[in-house]
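First up is the structure itself, then whatever we jot down about it.
The values are calculated or read from the model by the stated rules, or taken from the named source; none is laboratory data. Here the structure is a predicted model, which means the values were calculated and not measured. Cβ: placed from backbone, ideal geometry, glycine included. Neighbour counts: every protein chain shown. Surface areas here come from the heavy atoms of the whole protein model, side chains and all, with no ligands, DNA or RNA. Shrake-Rupley method; radii C 1.70, N 1.55, O 1.52, S 1.80 Å.
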Amino acid sequence: MSYDLEEKKIKLEVKGEQISIEADEQMLRQTLFNLILNAIQAVNGSGEIQVVAERRGTTEATLEVRDNGPGVTAENRMEIFKPYFTTQKTGTGLGLAVVQQIVLAHGWEIECLCK
């Protein structure tokens, strides 16, 4: 992803606490890859992406991938996790659907928040 970040002049920042997550490593990597790739596609030149980890009590944590792109419209927020749904000119529309399946397989939750 370094090439895409450099080419689009996107700043990637990882911040928050170091946390341990019990998960399938490859699936967690795939999830992060898909979420960050989605953010790269969403931001324009000189964009910013943040990956933020935060502990929520002794057994819970949140992991957020934030970007300063235009956001997701209210009507698309439930659609983005469905297979083959995309607003991009290229792509399969499978990235976020895969993310959701991995998240659900681990018993976690995922949601799209737009501010």
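Could you tell me whether residue 25 is modelled with pLDDT under 95 and either touching a strand residue (DSSP E or B) at 6+ places or on another chain (Cβ under 9 Å) or within 27 Å of residue 106 (Cβ to Cβ) (or both)?
Values: modelled with pLDDT under 95: yes; either touching a strand residue (DSSP E or B) at 6+ places or on another chain (Cβ under 9 Å) or within 27 Å of residue 106 (Cβ to Cβ) (or both): yes.
For residue 25, the condition - modelled with pLDDT under 95 and either touching a strand residue (DSSP E or B) at 6+ places or on another chain (Cβ under 9 Å) or within 27 Å of residue 106 (Cβ to Cβ) (or both) - is met.
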Residue check for residue 85: surrounded by 14 or more Cβ atoms within 10 Å (Cβ to Cβ), among the aromatic types (Phe, Trp, Tyr), without any contact (Cβ under 8 Å) to a residue 24 or more places away in the chain and out of contact with any Ser or Thr (no Cβ under 6 Å at 6 or more places or on another chain): yes
Selected residue (criterion: modelled with the lowest pLDDT) from residues of the range 48-70 that are out of contact with any Asp or Glu (no Cβ under 9 Å at 6 or more places or on another chain) and closer than 18 Å to residue 34 by Cβ: 69
Only listed residue being open to solvent by less than 50 Å² (accessible area, probe 1.4 Å), closer than 27 Å to residue 9 by Cα and free of Cβ contacts under 8 Å to residues at least 60 places away in the same chain, chosen from 69, 91: 69
Residue list for the range 31-50, restricted to those being closer than 18 Å to residue 3 by Cα and touching a helix residue (DSSP H, G or I) at 6+ places or on another chain (Cβ under 7 Å): 34, 35, 37, 38, 40, 49
